[in-house]
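Student: Take a look at this one; I'll ask things after.
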Amino acid sequence: MNLKKHKLSVLEKVGYALGDGAANIAWRGVATFLFIFYTDVYGLNPASVGLLMLIARSSDGLSDILMGIVGDRTNSKYGKFRPWILWTAVPLAATLSLLFTTPNLGPTGKIIYAYTTYIIFTLLYTANNIPYGALMAVMTGDDKERTSLGSFRMVGAFAGGMLVQGAMLFLVAHFGNVNPAITIAQIGQKQYRVTVSSEIDVANANIKTVNGIATFVWEGTNTTDTEPAKSISFAMEANKEYSFVAAGETDITAESISLINQKKGYRDSMYLLSVFLAIFMVLTFLSTKERVKPPKAQKSNLKADFKDLIRNKPWVILLSIGLIFNTYNSIKQGITVIYFTHYLNNQLLSASYLVALMLASIAGAMITSSISKKIGKKMLFIYAILFSGAVNALLVFCGPGDVYGIFAIGIVSELAAAISPTLFFAMLGDAADYSEFKNGRRATGLIYSAGSFATKFGGGIAGIIIGFVLAAFNYSGQDHVAIQGAIPGIIMLMSWIPAVIAAIAAAVMFMYPLNQTKMDQITIELNSRRANELSIN
């Protein structure tokens, strides 16, 4: 088979894309919702959460490398990398569900549970995602066709992200509905006494109006917290009445009140989404095929693989770039729900915002292949990440009422930001080709370990940045007064802090040595070598 001329079918590209759709149900679900879930629902300190994410993900470096080595040495009738997608589908889905499950433990027990489930999740994600990424490099030997496949992959990734980010909060509201007894009494102009009770204990109830306009304050001596808030989280005992004064809306009725069991809502929502994750992974396994093999003369030699790796300048630079731009994207994802919840006072609006960003991401991924053919992957990456960061910085000028401006800035920034991961994973395939071209050896799984490591460790760096910035402003997700004091930090994390990181990524990319002319030479030479091997055999 002439791998240079082999074109992948649309069906196979879509099947491959489903795998990253599944991965992003997991990864974007964790990146977007786990921080606020840990702080606002599970009650962990933000600095502790940030440290957890950094420690768990920084320890992934070894597991990523090991998984790359294992993938390269896996031999089965299904290939080297496809079997791992099948084997890890159900375990990864199950562990994702456990992340959003809240056993009744003390403070130390909660930390131990969070560390245990999170570390297991990252290990399983490694066992799934490194083979999945490496599969891209062995489905075709054509670097331009691989860029096209990368575009399909990112469309799948952003569609999976859109599914979890767009549906999650609505699913939480659906599955977490307490069905409480509610009585409403008007006590003044735009003021109402709201009394609620439930037939069951609710460890983490959250009350607000459906429109999210009214402010609530405890009535009487139920609590020392007398500050009005758009929503209040509290623990409910069965058949006990809780009273609030709601102000700022007219014609409040029982139907206007939303009372959600957040623990149950998050848990059951992620259970459902995990089922889709497992199904999509199995479909990817069934619809793809491995075609590019290591050179027949290549012998298994771990020392030689590592020697080739550290001398592979494109790979070393891509590893650094991957860490930086994943930190950029992860900060934006990790702070969004907090920003909308506590700055715009409208958590559900964040779902619409995230869906809008995912649609922009899909558009960005779809145009990447055609633009990169004209100006090359390297320069497109630089232009895209610089533009995305500069636009994102404009959010610092937006107030809570500037909803249209926030959406416009976010969409334009994300359209450009989506180009970076699309190019990154295609360029890892180029780095694998470069190694084979220069050294006559190919360790695709080991090279793609950079993709998984960069994704996870970049997310860990983002987690520690978010956690420490919020802790510096004394943020506490269950303390309204502390939340208001942390608003400047939330705005910083949403706007100019990611922009600085984007500029660093662009600067590092200038050192990347593989332009399109060089890649064309490498592709022609490798396909000539492979054709000679086939003719000899």
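Student: Of all the residues that make up region 88-116, how many are in contact (Cβ under 8 Å) with a residue 40 or more places away in the chain, assigned to a helix (DSSP H, G or I) and either among the small types (Gly, Ala, Ser) or under 26 Å from residue 132 (Cα atoms) (or both)?
Tutor: Residues flagged as in contact (Cβ under 8 Å) with a residue 40 or more places away in the chain, assigned to a helix (DSSP H, G or I) and either among the small types (Gly, Ala, Ser) or under 26 Å from residue 132 (Cα atoms) (or both) within region 88-116 amount to 11.
Student: I need every pair where a residue in region 323-337 that is over 13 Å from residue 505 (Cβ atoms) has its Cβ under 9 Å from the Cβ of a residue that is assigned to a helix (DSSP H, G or I) and of a type in the set (Lys, Arg), sequence separation at least 6 or different chains.
Tutor: Short answer, once both residue conditions are applied: 333/28.
Student: Return yes when residue 50 is under 18 Å from the mean Cα position of the chain (by Cα), in the same structural domain as residue 459 (by TED's automatic domain parsing) and touching a residue at least 24 places away in the same chain (Cβ under 8 Å) and no when it is not.
Tutor: So residue 50 passes the test.
Student: In contact with a helix residue (DSSP H, G or I) (Cβ under 6 Å, 6 or more places away or on another chain), closer than 24 Å to residue 439 by Cα and assigned to a helix (DSSP H, G or I) - does that describe any residue in region 374-381?
Tutor: The answer is yes; a qualifying residue exists.
Student: Still on this model: Can you name the residue in region 171-199 that is closer than 12 Å to residue 263 by Cβ and of a type in the set (A, V, I, L, M, F, W, C) and is also surrounded by the most Cβ atoms within 10 Å (Cβ to Cβ) among such residues?
Tutor: Filtering region 171-199 for residues that are closer than 12 Å to residue 263 by Cβ and of a type in the set (A, V, I, L, M, F, W, C), the one surrounded by the most Cβ atoms within 10 Å (Cβ to Cβ) comes out as 172.
One line per residue, one yes/no per condition, for (1) modelled with pLDDT of 85 or more; (2) part of a helix (DSSP H, G or I); (3) among the charged types (D, E, K, R); (4) farther than 30 Å from residue 295 by Cβ:
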position: 2; (1), (2), (3), (4): no, no, no, no
position: 14; (1), (2), (3), (4): yes, yes, no, yes
position: 18; (1), (2), (3), (4): yes, yes, no, yes
position: 22; (1), (2), (3), (4): yes, yes, no, yes
position: 48; (1), (2), (3), (4): yes, yes, no, yes
position: 53; (1), (2), (3), (4): no, yes, no, yes
position: 65; (1), (2), (3), (4): no, yes, no, no
position: 75; (1), (2), (3), (4): yes, no, no, no
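Student: Could you tell me whether any residue of region 132-142 is under 17 Å from the mean Cα position of the chain (by Cα) and either within 18 Å of residue 364 (Cβ to Cβ) or surrounded by 24 or more Cβ atoms within 10 Å (Cβ to Cβ) (or both)?
Tutor: Yes.
Student: Then there's this: Being of a type outside the set (Phe, Trp, Tyr) and either touching a residue at least 60 places away in the same chain (Cβ under 8 Å) or over 28 Å from residue 16 (Cβ atoms) (or both) is the filter here, so list the residues in region 415-426 that pass it.
Tutor: Result: 417, 418, 420, 421, 422, 423, 426.
Student: Also: Go through region 351-391 and give me each residue that's farther than 18 Å from residue 514 by Cα, among the polar types (S, T, N, Q) and surrounded by 22 or more Cβ atoms within 10 Å (Cβ to Cβ).
Tutor: Hits for region 351-391 are 361, 388.
Student: Something else: Of 159, 114, 127, which residue is modelled with pLDDT under 90 and either crowded, with 20+ Cβ neighbours inside 10 Å or not assigned by TED's automatic domain parsing to the domain that holds residue 18 (or both)?
Tutor: Just a single option satisfies the conditions, and that option is 159.
Student: So residue 120 passes all but one of these: (1) β-branched (Val, Ile, Thr); (2) within 25 Å of residue 448 (Cβ to Cβ); (3) in contact (Cβ under 8 Å) with a residue 60 or more places away in the chain. Which condition number does it fail?
Tutor: Unmet condition: (3).
Student: All but one of (1) at pLDDT below 85; (2) closer than 20 Å to residue 126 by Cα; (3) not aliphatic (A, V, I, L, M) hold for residue 436; state the number of the condition that does not hold.
Tutor: Residue 436 satisfies all of (1) at pLDDT below 85; (2) closer than 20 Å to residue 126 by Cα; (3) not aliphatic (A, V, I, L, M) except (2).
Student: How about region 75-110: which of its residues are more than 25 Å from residue 276 (Cα to Cα) and crowded, with 16+ Cβ neighbours inside 10 Å?
Tutor: 110, the sole residue that qualifies.
Student: If a residue counts only when it is at pLDDT below 85 and touching a Ser or Thr at 6+ places or on another chain (Cβ under 8 Å), which helices (runs of 4 or more DSSP H) contained entirely in region 450-520 have at least 2 such residues?
Tutor: 480-485
Student: Considering only strands (runs of 3 or more DSSP E) fully contained in region 182-279, which possess at least 1 residues that are in contact with a His (Cβ under 8 Å, 6 or more places away or on another chain)?
Tutor: 232-236
The values are calculated or read from the model by the stated rules, or taken from the named source; none is laboratory data. Computed from a predicted model, the values in this text were never measured in an experiment. We place every Cβ from the backbone using ideal geometry, glycine too, and count neighbours over all the protein chains shown.
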